[in-house]
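Heads up, the thing below is written out as structure tokens.
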Amino acid sequence: MAKAMKRLYEGADWDFSTLQRIHDACQGIALEMGLDVYPNQIEIITAEQMLDVYSSIGMPLFYKHWSFGKHFAHHEAFYRKGLRGLAYEIVINSSPCISYLMEENTATMQALVIAHAAFGHNHFFKNNYLFKLWTDAEGILEYLNFAKGYIARCEERYGHTAVERTLDAAHALMSHGVHRYAGKKQLDLRQEELREQERRENEARIFNDLWRTVPTKAGKSTPDMNLERRQAITGLPQENILYFLEKTAPRLKPWQREILRIVRHVAQYFYPQGQTKVMNEGTATFVHYQIMTKLHERGGIGDGDFLEFLKSHTNVVFQPSFDDQRYSGLNPYAVGFAMMQDIERIVTKPEEEDRLWFPEIAGTGDAMAVLRDLWANYRDESFIAQFLSPNLMRQMRLFHLTDDPEEEEGMRVAAIHDERGYKRVRRELSRQYDIGWIDPHIEVVDVDLAGDRRLIVRHTVINGSLLDEHDAKRVLQHLADLWSYDVVMQECDRSGIMLKEHLVSPRKSAIAA
């Protein structure tokens, strides 16, 4: 039987005592659902403050950079013209978990946001294996505060221009500044400020020893080393390019290496989020739907409040069809929420088809136990590959369309939602969320230690798509400026055959001068 409760609020107005009542009611239901969350910290911000958070990629403490001001101006212009709305909330993966709520929200919207962010996202952040592996939730805010102060001190000491050039280059390489595989010890970000001084004192000796065999004058060269020897000295191949530059770039100053370290730590913080968009939003949407429904059933919110919630919820999970002008791909909220609901149905009310496809979970009865296990142990690619059901494929009318320029017939429907097509549709959709497939595989493979110090970078072409030449050269320019010598990128197929080559030299106003 549902537990009756007093009405949490009347009308659209709210105050902080109202928010406390809403939070406590949501927390009680979340505990019934078996959710495990970080302590919550809820902050109320204005629309302009929300725009400011937008501009700094959602972080409450961040160093200054011109690109953040550019993003702020862009978002503000569209918002003021009514061409773009703002998120109802932004949530920070930290401990305590910080949820920013817009002060313009009604009481019902604040309840929705608290349920969505403070309990849905919060549970996912704390329990998913990727976040456990790569994110230091307890230390991230303290580290960001250190980073902000450190870069401000660098600007005072070395000048805004020098710091800005280093940050520009680091940001250009940010997506290639993460460790993608487990094995390295998780960082304790709270200790980074203490370690920075020690690194600054020791790095010069380490780098000098690494480059002592490199000729300092033209015409004098040590005997050439073989590839294995060069790779052993420089730790190659290395796909974390920022890490390689931080440790190995011959002319970077200690403060520049620390900035590269800061940027790659931020990139590593966001790495799990890029792989769990569907699951993360699906989890939060499923949780807020369950909590708000139970609040209504128990009398905590009225019928009008529940209708207001349903209108907002429906907008969030709306999925335009492929021939709709509003279509821009699959809505992660729609896909995630639909899959969570479908799994709940399979666990509690399975059909014969479900028992054939999902024998381990069909009919087991405890939907929340199954969902909590999935939320903890999967990412988007594996989640879709294993739990997208034929029933949901039919509901969403999914099909696989190929457009291969090498095929005479050109565009064709390769698979539809039928017995032959279910597995292929599911496999192809999951591949769209596989970072190994959608992100270019680029790594540093060699450096000419005994000659001109040229750096060799290789792009292994996996899905047949070469890099855009203009964008590739712009990013390589930043890499060359940080390396301070020529950089060559080789684009090769899986067999090692060269498809294309790019050569970039550092600019005269090189970063590592």
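The values are calculated or read from the model by the stated rules, or taken from the named source; none is laboratory data. Source: prediction; values computed, not measured. Glycine also receives a Cβ, built like all others from the backbone with ideal geometry; neighbour counts cover every protein chain displayed.
Under the condition of being part of a loop (DSSP other than H, G, I, E, B) and not small (Gly, Ala, Ser), the residues counted in the stretch 460-513 number 15. Taking the conditions (1) in contact with a Leu (Cβ under 8 Å, 6 or more places away or on another chain); (2) surrounded by fewer than 19 Cβ atoms within 10 Å (Cβ to Cβ); (3) not hydroxyl-bearing (Ser, Thr, Tyr) in turn, residue 379 satisfies each one other than (2).
Per-residue answers, yes or no, for (1) part of a strand (DSSP E or B); (2) of a type in the set (S, T, N, Q); (3) surrounded by 15 or more Cβ atoms within 10 Å (Cβ to Cβ); (4) modelled with pLDDT of 70 or more:
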| site | (1), (2), (3), (4) |
| --- | --- |
| 25 | no, no, yes, yes |
| 29 | no, no, yes, yes |
| 38 | no, no, yes, yes |
| 43 | yes, no, no, yes |
| 48 | no, no, no, yes |
| 52 | no, no, yes, no |
| 61 | no, no, yes, no |
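Scanning the stretch 282-298 for residues that are surrounded by fewer than 23 Cβ atoms within 10 Å (Cβ to Cβ) and among the hydroxyl-bearing types (Ser, Thr, Tyr) yields 289, 293.
Checked against (1) free of Cβ contacts under 8 Å to residues at least 12 places away in the same chain; (2) within 23 Å of residue 373 (Cα to Cα), residue 336 passes all but a single condition, namely (1). Candidates are the residues of the stretch 217-238 that are assigned to a loop (DSSP other than H, G, I, E, B) and closer than 24 Å to residue 478 by Cα; the one that is modelled with the lowest pLDDT is 235.
As a summary of the residue check, residue 301 satisfies the conditions (1) in a helix (DSSP H, G or I); (2) crowded, with 17+ Cβ neighbours inside 10 Å; (3) modelled with pLDDT of 95 or more except for the one numbered (1).
Just one of 241, 291 is in contact with a Cys (Cβ under 7 Å, 6 or more places away or on another chain) and at pLDDT 95 or above; which is it?
Of 241, 291, the one residue that is in contact with a Cys (Cβ under 7 Å, 6 or more places away or on another chain) and at pLDDT 95 or above is 291.
Taken together, the criteria place residue 352 among residues that are exposed (fewer than 12 other Cβ atoms within 10 Å of the Cβ) and out of contact with any strand residue (DSSP E or B) (no Cβ under 9 Å at 6 or more places or on another chain).
Restricting attention to the stretch 344-386, the residues that are out of contact with any helix residue (DSSP H, G or I) (no Cβ under 6 Å at 6 or more places or on another chain), of a type outside the set (D, E, K, R), closer than 26 Å to residue 313 by Cβ and outside any loop (DSSP other than H, G, I, E, B) add up to 4.
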